[in-house]
Amino acid sequence: MTPFTPEDIVQLKEPSHVRVHPYRRVAAYALSQFDGDARVSTIRVEGPDMDGAMEVKGTHLHHPEWAPDGEGLAYVEGPTESGSWLHVVDRHGRAIRSPIAIPGDGTSLAWNPDGRRVAVEYVSNPRESDAEVRIVRRLRHHFDSRGYIGSRLWTVAVVDLEQGILDPISPESFHHFTPSWSPDGRLLTLVTTRSQDWDREWVWDVYTVDIESRRWERVTDASGVALYPVWAPDGAAIAFLHNHSRDTGSTADYHLHEARRVQGGWRVACLSHDLDRGAALVHEPPEPGGGKPVYTPDGSAILWVVNQGGQYHLMRTGRNGEHTLIDRHQGWPTLSTDGQTRAQLVFRPDSPPLVTLKDESGTVLAEVDDNLWLQDKVVCRNPEEYAFESDGTTVTAWLWSLPNRSADHPWLLQFHGGPHGAFGPYFSHTQQILASEGYLVAALNYRGSAGFGQGFADLVHANWGPLEGRDGIHLMDALISDGRVRATAQVGVFGPSYGGFMTNWMVTHYPERVNAGVAISTVSHLLTSALGIDHWESLATDQGGAPWEIPGYYHDHSPLMHADRIGAPLLLLHGEDDMTCPLIEAEMMFAALRMQGKPVELVRYVRESHAFHRAGRPGTLVDAHGRMLAWFSNLR
């Protein structure tokens, strides 16, 4: 067996968007991989009811969706040089009709129950020319990984497959997301807003629209952010996720809700508030990831995925609010028409997720591992969940290391992004590369992490840095006390995004405990971050106020303002096109340290955005992880 190295990243294949066939034990999914210096995505179909796998080849194919009768499979191609296209093929991959052009970047599909129409979500093409002068009158006029948005809108249209006509149904003044058809095919439900100040608030509501009359009806009450609405089988209810907060899109848990039709409107109920755990694998608009809640065929319960301490639990929640744990380490499922077969991703520590078909009892019918070659690599196959006390609160971390690792060897403390992210026992090429090199990687779920209850997450509201930093120090002390590491072993700290902020925090506030740092897509000053971000996240409200309201807080909680304390060498890795944590954050920290003659290096990745460390081009991924290994190799 050979170590898992940065060069191995380019061999990884990543499945996503798994969809079960309505009547057969078959799953369709998108499979992303590298081809030279480009990331390509194909559509694959596999299962025990097929004679071998079927693959639709292309450069950027995604979002497969089965037709209601199972005879067709729709998917999106693009963006390409010629735009985006809606394709429909049979289950053998043969085209059923000519591709239909989408006037923008297609992002999701939903079949009408009649099988003749498809709702398409896409990001519209610019209405203005790509002029040198761009007039901005709103926040959220750009978005990380997409760049300048300007007049572009997330739009929903209905495509008539027989006539090849695409009919936009959403007004041109607002964004619209994630359409879903009513069982009778007359209505769409989706997420949008009608607020003229939508760029200054965190309100996204569930609406319905009658496709024929174009009559719009609001379902929710403008009390926060709604995601992923789906119709109940009887058409009398809509399930969706909601965060109970008008102040944030990312720091409040998303709970399972149901809206039921009543005389004169809708009655909305939260079905999971007592659970005190939010949904996993979700993200606020404009491009939410993850999946949708799924009704059981009889409509008596809803399947959804819950974040339990960074682990993904498939939950069955009845309309009476009773919760039953169905399975662990599962992605969002889809169900066959009779509910006897479900398809989903299954997450594991030693490889990217597996595409899995299971029956109603949870028995595995088929499992597809697109990364079998990893079985011959030296990786951590059983990370350990480690609990310790920090200021009287129980905090956890996942320990990634190889067996028989020496306690004298240097080790690494990792902070996740967010701050309301979370680490789980799931494959990360970064953690595996470092573990394979002999490091213990302690991935910390500090106070503020998601998956431990809203109260735990709220501990860092308007107090970024101090508690998380103390959690890191208390973890160091606990590992030393337990003999996992020696007190003399040197420690490196690293992390992306908010993890980069915490890396800067640790090297400025604990110079006597930290021996090296690698800050990725970092934040160095909260003022420039709060005002310079693309504004799709709620940084100012997360701080408890705007910079001009609490200037002292922004000064005191910004690592840049404590740069004189740094003693450890700091490596800054940053994408030049990052709009979530703009490049100036890394440049300011670099300038502050270089002006003092302290050891620092800034690496700027051209044409890379915020998530380059996990979703960048292959050359970038190999280079960034190689530099991280080289930087930490100076620890002793």
Q.
Quick check on the range 531-544. Is at least one of its residues at pLDDT 95 or above, open to solvent by less than 20 Å² (accessible area, probe 1.4 Å), of a type in the set (Val, Ile, Thr) and within 22 Å of GLY421 (Cα to Cα)?
A. no
Q: Provide a single number: the residues in the range 588-636 that are open to solvent by 50 Å² or more (accessible area, probe 1.4 Å), of a type in the set (Val, Ile, Thr) and either within 28 Å of ALA407 (Cβ to Cβ) or touching a Pro at 6+ places or on another chain (Cβ under 9 Å) (or both).
A: 0
Q: Only residues that are over 27 Å from the mean Cα position of the chain (by Cα), open to solvent by less than 60 Å² (accessible area, probe 1.4 Å) and at pLDDT below 90: list them for the range 126-166, please.
A: ALA131
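Taking the stated definitions as given, is GLY472 on the phi > 0 side of the Ramachandran plot, open to solvent by less than 40 Å² (accessible area, probe 1.4 Å) and touching a strand residue (DSSP E or B) at 6+ places or on another chain (Cβ under 8 Å)? Steps first, answer last, please.
Details: on the phi > 0 side of the Ramachandran plot: no; open to solvent by less than 40 Å² (accessible area, probe 1.4 Å): yes; touching a strand residue (DSSP E or B) at 6+ places or on another chain (Cβ under 8 Å): yes.
Criteria not met by GLY472.
In the range 545-570, how many are assigned to a helix (DSSP H, G or I) and closer than 14 Å to ASN463 by Cα?
Keep residues of the range 545-570 that are assigned to a helix (DSSP H, G or I), which gives 551-556, 559-565.
Next, from what is left, pick out any that are closer than 14 Å to ASN463 by Cα: 551-556, 559.
Counting residues in the range 545-570 that are assigned to a helix (DSSP H, G or I) and closer than 14 Å to ASN463 by Cα gives 7.
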Q: Output the number of the condition that LEU573 fails; it satisfies all remaining conditions of (1) open to solvent by 50 Å² or more (accessible area, probe 1.4 Å); (2) more than 24 Å from ARG140 (Cα to Cα); (3) not in a helix (DSSP H, G or I).
A: (1)
Q) Which of the residues spanning the range 256-280 are within 16 Å of VAL230 (Cβ to Cβ), open to solvent by less than 60 Å² (accessible area, probe 1.4 Å) and out of contact with any His (no Cβ under 9 Å at 6 or more places or on another chain)? A) GLU258, ALA259, TRP266
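For the range 60-75, how many residues meet the condition of being open to solvent by 40 Å² or more (accessible area, probe 1.4 Å), under 23 Å from ASP114 (Cα atoms) and under 27 Å from the mean Cα position of the chain (by Cα)? Lay out the reasoning, then the answer.
Looking only at the range 60-75, we keep the residues that are open to solvent by 40 Å² or more (accessible area, probe 1.4 Å), and these are 60, 63, 68-69, 71.
Of the ones still in play, those that are also under 23 Å from ASP114 (Cα atoms) are 63, 68-69, 71.
Going one step further and asking which of them are under 27 Å from the mean Cα position of the chain (by Cα), we end up with 63.
Of the residues in the range 60-75, 1 are open to solvent by 40 Å² or more (accessible area, probe 1.4 Å), under 23 Å from ASP114 (Cα atoms) and under 27 Å from the mean Cα position of the chain (by Cα).
Kindly check whether there is at least one residue in the range 292-299 that is touching a Gly at 6+ places or on another chain (Cβ under 9 Å) and in a strand (DSSP E or B).
no
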Q: Could you check GLU201 against (1) surrounded by 14 or more Cβ atoms within 10 Å (Cβ to Cβ); (2) over 23 Å from GLY278 (Cβ atoms); (3) not hydroxyl-bearing (Ser, Thr, Tyr) and say which number it fails?
A: (2)
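Restricting attention to the range 506-532, which residues are part of a strand (DSSP E or B) and either free of Cβ contacts under 8 Å to residues at least 40 places away in the same chain or in contact with a His (Cβ under 6 Å, 6 or more places away or on another chain) (or both)? Give the derivation first.
Here is the first cut: in the range 506-532, the ones part of a strand (DSSP E or B) are 516-520.
Hit for the range 506-532 is ILE520, nothing else.
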Q. If a residue has to be open to solvent by less than 40 Å² (accessible area, probe 1.4 Å) and part of a loop (DSSP other than H, G, I, E, B) to count, how many in the range 484-496 make the cut?
A. 3
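I'd like the full set of residues that are over 19 Å from PRO113 (Cβ atoms) and in a strand (DSSP E or B), limited to the range 76-86. Explain how you work it out, then say what you get.
Taking the range 76-86 and keeping what is over 19 Å from PRO113 (Cβ atoms), we get 76-85.
Within the range 76-86, VAL76, GLU77, GLY78, PRO79, THR80, GLY83, SER84, TRP85 qualify.
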Q: Would you check if ILE169 is at pLDDT 90 or above and buried (at least 16 other Cβ atoms within 10 Å of the Cβ)?
A: yes
Q) What are the pairs, 6+ residues apart or on separate chains, where a residue within the range 124-153 that is of a type in the set (A, V, I, L, M) has its Cβ under 6 Å from a residue that is part of a loop (DSSP other than H, G, I, E, B) and modelled with pLDDT of 85 or more? A) LEU139/HIS535; ILE149/HIS141; LEU153/HIS175
Q.
Would you confirm whether or not the range 306-324 contains a residue that is open to solvent by less than 10 Å² (accessible area, probe 1.4 Å), under 20 Å from the mean Cα position of the chain (by Cα) and hydroxyl-bearing (Ser, Thr, Tyr)?
A. no
Q | Pair list, Cβ under 6 Å, 6 or more apart: the range 341-364 residue under 16 Å from ARG44 (Cβ atoms) and open to solvent by less than 20 Å² (accessible area, probe 1.4 Å), other residue at pLDDT 95 or above and among the acidic types (Asp, Glu) | A | PRO352/GLU14; LEU354/GLU367; LEU354/ASP369; THR356/GLU367
Q: Being more than 16 Å from VAL441 (Cα to Cα) and of a type outside the set (Lys, Arg) narrows it down to one of ASP391, ASP408, so name that one.
A: ASP391
Q. Restricting attention to the range 32-71, which residues are aliphatic (A, V, I, L, M), in contact with a Phe, Trp or Tyr (Cβ under 8 Å, 6 or more places away or on another chain) and not in a strand (DSSP E or B)?
A. ALA67
Q: Only residues that are more than 24 Å from ALA110 (Cβ to Cβ) and not in a strand (DSSP E or B): list them for the range 301-346, please.
A: GLY309, GLY310, ASN320, GLY321, GLU322, HIS329
Q. If you scan the range 495-505, which residues turn out to be touching a residue at least 60 places away in the same chain (Cβ under 8 Å) and touching a helix residue (DSSP H, G or I) at 6+ places or on another chain (Cβ under 6 Å)?
A. GLY495, PRO496, MET502, ASN504
Q: Please name all residue pairs, on different chains or six or more residues apart, with Cβ atoms under 8 Å, provided the first residue is in the range 160-172 and is of a type in the set (Gly, Ala, Ser) and the second residue is open to solvent by 60 Å² or more (accessible area, probe 1.4 Å).
A: GLY164/ARG97; GLY164/SER98
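Here's the yes/no breakdown for (1) among the acidic types (Asp, Glu); (2) at pLDDT 95 or above; (3) under 25 Å from VAL346 (Cα atoms); (4) out of contact with any Phe, Trp or Tyr (no Cβ under 8 Å at 6 or more places or on another chain):
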| residue | (1), (2), (3), (4) |
| --- | --- |
| ASP391 | yes, yes, no, yes |
| THR396 | no, yes, yes, no |
| HIS416 | no, yes, yes, no |
| ALA435 | no, yes, yes, no |
| ALA442 | no, yes, yes, no |
| GLY451 | no, yes, yes, yes |
| LEU459 | no, yes, no, yes |
| VAL485 | no, yes, no, no |
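For residues in the range 394-407 being touching a residue at least 60 places away in the same chain (Cβ under 8 Å) and outside any loop (DSSP other than H, G, I, E, B), which is farthest from LEU434 (Cα to Cα)? I'd like the intermediate steps shown before the answer.
So the first thing to find is which residues in the range 394-407 are touching a residue at least 60 places away in the same chain (Cβ under 8 Å), and the list is 395-399, 407.
This time we only want the ones that are outside any loop (DSSP other than H, G, I, E, B), so: 395-399.
On the way: VAL395: 23, THR396: 20, ALA397: 16, TRP398: 14, LEU399: 12 Å.
Checked the range 394-407; the qualifying residue farthest from LEU434 (Cα to Cα) is VAL395.
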(Q) Take the conditions touching a strand residue (DSSP E or B) at 6+ places or on another chain (Cβ under 7 Å), without any contact (Cβ under 8 Å) to a residue 60 or more places away in the chain and either in a strand (DSSP E or B) or open to solvent by less than 50 Å² (accessible area, probe 1.4 Å) (or both) and apply them to GLY93. Does it pass? (A) yes
Q. Looking at (1) charged (D, E, K, R); (2) loosely packed, with under 15 Cβ neighbours inside 10 Å; (3) more than 23 Å from ASN445 (Cβ to Cβ), can you tell me which one ASP369 breaks?
A. (2)
Q. Given (1) assigned to a strand (DSSP E or B); (2) farther than 29 Å from ARG381 by Cβ; (3) open to solvent by less than 30 Å² (accessible area, probe 1.4 Å); (4) modelled with pLDDT of 95 or more, where does PRO22 come up short, assuming only one miss?
A. (1)
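The values are calculated or read from the model by the stated rules, or taken from the named source; none is laboratory data. Model, not experiment: these values are computed from the prediction. Don't worry about glycine lacking a Cβ; one is built from the backbone with ideal geometry, like all the others, and counts go over all protein chains shown. Only protein heavy atoms, including side chains, enter the accessible area calculation; ligands, DNA and RNA are left aside. Shrake-Rupley method; radii C 1.70, N 1.55, O 1.52, S 1.80 Å.
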